[in-house]
Amino acid sequence: MSNLKDIKNRINSVQSTKKITRAMKMVAAAKVHHWESATKASRPYSTELYRMFQKLLNSVTQFSSETLKIKTAIDNYPELLKNKPIHTVGLFIITGNKGLAGAYSTNVIKAVLRKISDYKSEGISVKLFIAGQKGISILSRRLRNTDITIEKKYFSAVEEPTPLEAREIAEDMAEYYVDGRIDKIEIITTRFKNMVSYSVDSWAVLPLEGVKNVQERLKDNVLEPLMEFTPDMHHILQKLVPMFMTNIFYQALLEAKASELASRMTAMSAATTNAEKIIHDLSIQYNKIRQAAITNEIIEVVSGANSLK
């Protein structure tokens, strides 16, 4: 009977777990639709902003800050557009704050470790900027005895991505780049595909893409359409470069959020299915033992009755 009690307790425990995983699946499913819509709606804007930025750069022959009022590093667009020898790379990493999302954060961290190894083999130093508690805790432990440091930590950005959060990140990155503490910035995140699929990807941020192409076009005497600027191209670039940088980080946060929720929904769906299978198997085992116990009791009763005859 003690065995029956143990099995019954385990069935009750798994049933409680099943309720939790099913609830988490439903919550993730409800949220992922919202962030999927936000991610897909933001993509056309990001594409057009990139095209406009490229077209503007192709019309500019030189970058100057002489007439500009520069308050923060992100306003210093000539420095942000400058290609420099790469000695130190800043990696902006996006993971989740919570677990129970399958291999979502683990896949990102594996990509980060591979990227660090690649840069180390080239003699390039790495500094980390991490959004998400999972990435912070795991990478702090994995890189404890190395010379790699976590420069900045972001928590709220992965919970509710907003342009304001993205702007804060962009300003931090711009400050490190302009000060010369890093010479290149990459984002390591996930790109949302659909409800059951995402891919780990890396995006180059600084130096901003397009400058090299401009110089090559000027060198090859390739004609570009004439553009007129009001008030002038330098003030327009000073406004556009921060907008462009902010949008890169915002789009990365959106893609990561949708990917995390999709991964959590899939993981909780699989956990719920596994719980149902365990409950089914335990119920069969419980019924078999109970049936055997009842059969033994019947045999004992019949044997006792026969002994009285």
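Every number in this text was worked out from the coordinates using simple rules, so none of it is lab data. No experiment lies behind these values; they were computed from the predicted model shown. Positions of Cβ are generated from backbone atoms using ideal geometry, with glycine treated the same way; all protein chains shown enter the neighbour counts.
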**Complete:** If each part is reduced to its alpha-carbon centroid, the range 37-71 and the range 6-32 end up apart, in Å, by 47 Å
**Request:** Count the net charge of all other residues whose Cβ sits under 12 Å from the Cβ of residue 17, scoring Lys and Arg as +1 and Asp and Glu as -1.
**Result:** +3
**Message:** What's the magnitude of the charge dipole for the chain around its Cα centre, counting Lys and Arg as +1 and Asp and Glu as -1 at the beta-carbon? Answer in Debye, nearest 20.
**Reply:** 1560 debye
**Request:** Work through the residues other than residue 166 whose Cβ is under 14 Å from its Cβ and net out their charges, Lys, Arg +1 and Asp, Glu -1.
**Result:** -4
**Message:** For Cα pairs less than 8 Å apart in space and 6+ apart in sequence, what is the mean separation divided by the residue count of the range 35-267, i.e. the relative contact order in percent?
**Reply:** 33 percent
**Asked** Along the positive direction of the dipole of the chain (beta-carbon charges: Lys, Arg +1; Asp, Glu -1; about the Cα centre), which of 198, 237, 274 reaches farthest?
**Response** 274
**Asked** All other residues with a Cβ under 13 Å from the Cβ of residue 78 taken together, and with Lys, Arg as +1 and Asp, Glu as -1, what is their net charge?
**Response** -1
**Message:** Need one number: % antiparallel among DSSP beta bridges in the chain, to the nearest 5.
**Reply:** 35 percent
**Prompt:** Which residue, chosen from 301, 33, 44, occupies the Cα position most advanced towards the positive end of the dipole of the chain, where the dipole is computed from +1 (Lys, Arg) and -1 (Asp, Glu) charges on Cβ about the Cα centre?
**Reply:** 301
**Cβ-based exposure ranking for 245, 24, in which fewest neighbours within 10 Å come first** = 24, 245
**Request:** Would you mind checking which residues have amide H under 5 Å from residue 201's amide H? H placed 1.01 Å from N; only 5 or more apart, or other chain.
**Result:** 189, 190, 191
**Complete:** With DSSP loop assignment and no more than 15 other C-beta atoms within 10 Å, the chymotrypsin sites (Phe, Trp or Tyr not before Pro) in the range 245-305 are none
**Fill in**
Convex hull around the C-alpha positions of the range 35-267: the volume in Å³ per residue is 132 Å³
**Request:** Quick one: which residues, 5 or more positions from residue 90 or on another chain, have an amide H under 5 Å from its amide H? H modelled 1.01 Å from N in the peptide plane, none for Pro or chain starts.
**Result:** 127, 183, 184, 185, 186
**Prompt:** When the chain is modelled as a GNM with alpha-carbon springs shorter than 10 Å, which of 134, 31, 19 fluctuates the most?
**Reply:** 19
